[in-house]
Amino acid sequence: MIDNDRIKPEALSKSNLLKLFNEIYQLEDIDAIQIPKEDEIDNIKNPVEKEIISQIIQKVIEFVNNLEQIKQDIESSFPILNTEEQFG
């Protein structure tokens, strides 16, 4: 589900995937993410759908595992500026 819409894996667009990863990035509780278990994926009959889902799940897991480092890298590259002091 992305933006409360059920989207078939083969119908996912780049925009859908961007929204998905953005939502993950903005989550306050990363443990709230529910990743399907292997047996749930194995129950998918369509091999194309199964492969798409497997690849997306793999990338989501990698993203989640690296999320803290990604956030630290972004925050250190783009520190919060106090604009009142600069332009006050």
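In cubic angstrom, how much convex hull volume per residue do the alpha carbon atoms of the chain span?
Working: hull volume 11.7 nm³, N = 88.
Taking the convex hull of the Cα positions in the chain, it is 133 Å³ per residue.
Against the longest principal axis of the chain, how steep is helix 47-77, in degrees 0 to 90 to the nearest 10, with axes from Cα atoms?
Roughly 10 degrees between the two axes.
May I ask you to derive the FRET efficiency for Q55 and S77 from their Cβ-Cβ distance with R0 = 22 Å, giving the value to the nearest 0.05?
Values: r = 28 Å, r/R0 = 1.29.
So, using R0 = 22 Å, E works out to roughly 0.20.
Within the range 36-77, which trypsin sites (Lys or Arg not before Pro) sit in a loop by DSSP and count at most 16 neighbouring Cβ atoms inside 10 Å? Write out the running numbers ahead of the final one.
Values: sites: K37, K45, K50, K59, K71; in loops: K37, K45.
Taking the range 36-77 and a limit of 16 other Cβ atoms within 10 Å, the loop trypsin sites (Lys or Arg not before Pro) found are K37, K45.
Of the heavy-atom accessible surface of the chain (probe 1.4 angstrom), what whole percent is carbon and sulfur? Show your work: numbers first, answer last.
On the way: 3810 of 7450 Å².
After summing per-atom areas, the C and S share lands at 51 percent.
Under a point spin-label approximation (7 Å from Cα along Cα-to-Cβ), what is the N46-L18 distance to one decimal in nm?
That separation, rounded to one decimal, is 2.5 nm.
Among Q72, I52, I24, whose Cα sits farthest toward the positive end of the charge dipole of the chain (+1 at Cβ of Lys/Arg, -1 at Cβ of Asp/Glu, about the Cα centre)?
Among Q72, I52, I24, the one farthest towards the positive end of the dipole of the chain is I52.
Skip the ligands, DNA and RNA, and give the accessible area per residue of the chain with a 1.4 Å probe, whole Å².
On the way: 7450 Å² over 88 residues.
With the other protein chains kept in place, the chain gives 85 Å² per residue.
The values are calculated or read from the model by the stated rules, or taken from the named source; none is laboratory data. Only a predicted model underlies this, so the values are computations on that prediction, with no experimental measurement involved. Reconstructed Cβ throughout: ideal geometry from the backbone, glycine too, with neighbour counts over all protein chains shown. To get the accessible areas, we keep the full protein, side chains included, count just its heavy atoms, and leave off ligands, DNA and RNA. Shrake-Rupley method; radii C 1.70, N 1.55, O 1.52, S 1.80 Å.
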